[in-house]
Amino acid sequence: MIPHSTELADVLPFLNRPALVLDSGSGGLTVWQEICHLTPLLDTFYLADFAAYPYGLKTEGALVERVSEILATLVPQLQPGVIVVACNTASTIVLEEIRRLYSVPVVGVVPAIKTAAIASQNRRIGLLATPGTVARDYLNNLITLHASDCQVVRVGSNVLVALAEDVLCERHVSAEAIAREIEPVLVAECDQVVLGCTHFPLLKPYLTQLAPQVAWVDSGKAIARRVADLLGNRADPISVGSEPVHIAATTLANLDNQWREGVAKLGFHQAMTLPIGKR
Ligand code: DGL
């Protein structure tokens, strides 16, 4: 039995080279699900950095500092087999720095502009992401490289991030509010819309209902494939027990009960609080 604890040390004996999956909140769980689906025997540790949520409104400097602080605390203890930055907002700026600091393989998530550009019939693609991601140089480069012949309609929305959190916690979600946010990509008649924030696949049932003609493109499966490739044989039974162990943690001192229930339903064995830094 894994003890209910707020001490990382108490759960460490149950984790064997886990995948460390990180996001500001629940968005990275959409990537985590794909990883577990493809690599079902892998132990995982999911960190939701609610103390610093939302990442999409942070300056680049503050975000690099925060992600570095979290990894400096977690990596030496968890000894992960792979680090997955399951957040577009962070990945578009921190990956280089993390790869410089750690010898562990690092996988990031970036908006699937290339996939959408390849599939678009009318050469009009949309991008829903955080205000941070839509403003990044990284994104301009992606568009120049892969979608230079497309009209790209960018929507930076923090409202959609908050609505996605409501989905996980089974709170009321207003379809009208979602419709208002996605209006620019619908008005432009984009046939492919990139979900450039890992929170947004949580809204997919609403999105497909509001605009069934649109292909909503996310990177979850591609990230899971990358993780499986990197782990190779390590994706075979590596858990200490015969079943994989999944631990979720949030950096907020007070664990929200709805969140605890939400992650339990996804298959986590435990949700713990792990305050990191002076917040
Ligand atoms: N889930 C995140 C992303 O993929 C960020 C959400 C936020 O905290 O703003 O960009």
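Every read-out reported here was derived from the displayed coordinates using simple, explicitly stated rules and does not represent laboratory data. Being a predicted model, the structure only gives us computed values, none of them experimental. Cβ sites come from the backbone with ideal geometry, for glycine too, and all protein chains shown count toward neighbours.
Of note:
- Database remark: amide H of Tyr53 closer than 5 angstrom to no amide H (H placed geometrically; neighbours at sequence offset of 5 or more, or on other chains; Pro and chain starts carry no H).
- Degrees between helix 88-101 axis and first principal axis of the chain (Cα, 0 to 90, nearest 10): 50
- Relative contact order, percent, the range 1-138 [alpha-carbon distance under 8 Å, six or more residues apart]: 26
- Within the listed set Leu145, Leu20, Leu168, the residue fluctuating most in the Gaussian network model of the chain (springs between alpha-carbon atoms under 10 angstrom) is Leu145.
- Whole-Hz couplings from phi, Karplus 6.51/-1.76/1.60, listed for the range 193-208; x for Gly and Pro: 10, 7, 8, x, 8, 5, 5, 5, x, 5, 9, 4, x, 6, 5, 5
- Here the Karplus relation 6.51 cos²θ - 1.76 cosθ + 1.60, evaluated at θ = phi - 60°, turns the backbone of the range 114-128 into coupling constants of 4, 4, 5, 5, 5, 7, 5, 7, 9, 6, 10, 10, x, 9, 9 Hz, with x for every Gly and Pro.
- Mean sequence separation of contacting Cα pairs (under 8 Å, at least six apart), scaled by the length of the chain, corresponds to a relative contact order of 28 percent.
- Principal axis extents of the C-alpha atoms in the range 47-127 (largest first, rounded to whole Å): 49, 27, 20.
- Projected over every direction and averaged, the convex hull enclosing the alpha-carbon atoms of the chain yields 13.9 nm².
- Each residue of the range 142-157 was assigned a 3J(HN,Hα) from its phi angle through the Karplus curve 6.51 cos²θ - 1.76 cosθ + 1.60 (θ = phi - 60°); the sequence is 4, 5, 4, 6, 10, 9, 5, 9, 10, 7, 10, 9, 9, 10, x, 9 Hz, with glycine and proline shown as x.
- Adding -39500 (n - 2.57) for every DSSP H run of four residues or longer, then dividing by how many residues the chain holds, sets the calculated 222 nm ellipticity at -13000 deg cm²/dmol.
- Around the amide H of Asp218, modelled in the peptide plane, lie the amide H atoms of Leu195, all under 5 Å away and 5 or more residues distant in sequence or on another chain.
- Helix 158-168 axis, angle to the chain major axis (alpha carbon atoms, nearest 10°): 50
- Built amide H within the under 5 Å cut-off of Asp191, gap 5+: Asn122, Arg124
- FRET efficiency for the Ala72 to Ala175 pair, using the beta carbon distance and R₀ = 41 Å, is estimated at 0.50.
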